[in-house]
Amino acid sequence: MIWSWDFALAVLPDILGAFGVTLQATLVGFALAAALGLLWAVMRMAPVRLVARSASAVVEFVRSTPLLIQIYFLYYVLPEYGVTLSLTITGVIALGLHYSAYTAEVYRAGSEAVAKGQWEAAPALNLPTRSARLRFVLLEAIRPTLPVLGNYFIAMFKDTPLLAAITVMEMLQTAKLIGAESFRYLEPLTITGVVFLVVSLAASYGVRSLELRYAVRH
């Protein structure tokens, strides 16, 4: 098969249009992962043992099962129990839930890195423990984790092609349909790969900048 620039330029708008779906799934999915991960992390630090152990069990379960199986479960199993979601929402929830287990570990590591004196400063300032954690210590813990969270954002972006398994019209699914209709897979798949490469490299540069900016100074 010989590369055709005319065909590549003809299908480029469709693939770039699908890039919007990919980007939207990544942004919304990561926002969900960041929020849920913070919830798991706070629950794991709860003084109630049942709450802490339940959150730990959820995190370990999600981390130990493949993302593709979780996508299939949400898409095929939930409707049997009366929960029917759109393709895109199903994919976003799957991405967010899966990566929330990893962001929870990032938050936990960040909280453990906070100096012990900052935890002890709350009573000295007459601040309630919960208020101190949520407003001061937790914010201090999140700051050095930004580069790691950025890496998970890139990983999620590169995992969005898995949503093609449930026919979400992201870039890979669009490229596959173009190839099936035209019997030309070289151009659409190559363009899709290049878009992923360019965006991932740009995001990696941004994460590197965060790492240098928020590096822990000794």
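Things worth noting here:
- Trp3-Arg213 FRET efficiency (beta carbon distance; Förster radius 41 Å; 0.05 resolution): 0.50
- Subtracting the Cα-Cα distance of Ser182 and Phe73 from their residue separation scaled by 0.36 nm leaves 36.0 nm.
- Between Leu85 and Leu16, the contour length at 0.36 nm per residue exceeds the Cα-Cα span by 22.3 nm.
- Calculated on alpha-carbon atoms, Rg and Dmax of the range 1-108 in Å: 18.4, 64
- In this calculation the C-beta distance from Val194 to Ala165 is compared with R0 = 22 Å, giving a FRET efficiency of 0.50.
- Arg63, Arg108 arranged by Cβ crowding within 10 Å, fewest neighbours leading: Arg63, Arg108
- Between Arg63 and Ala109, the modelled label-to-label distance comes to 1.0 nm, taking each label 7 Å out from Cα in the direction of the beta carbon.
- Neighbour counts of C-beta atoms inside 10 Å place Glu211, Glu60 in the sequence Glu60, Glu211, starting with the fewest.
- Counting other Cβ atoms within 10 Å as a rough exposure proxy, the listed residues Met43, Met156, Met1 run Met1, Met43, Met156 from fewest neighbours to most.
- Summed residue charge, Cβ within 14 Å of Ala101's Cβ, Lys/Arg positive, Asp/Glu negative: 0
- Values of log10 I(q)/I(0), in the order q = 0.24, 0.31 Å⁻¹, for the range 40-79 under a Debye, Cα-only, solvent-free model: -0.74, -0.90
- Spherically averaged projected area in nm², based on the convex hull that wraps the Cα atoms of the range 167-218: 4.7 nm²
Every read-out reported here was derived from the displayed coordinates using simple, explicitly stated rules and does not represent laboratory data. Being a predicted model, the structure only gives us computed values, none of them experimental. With ideal geometry, Cβ positions are generated from the backbone for all residues, glycine too; neighbour counts draw on all protein chains shown.
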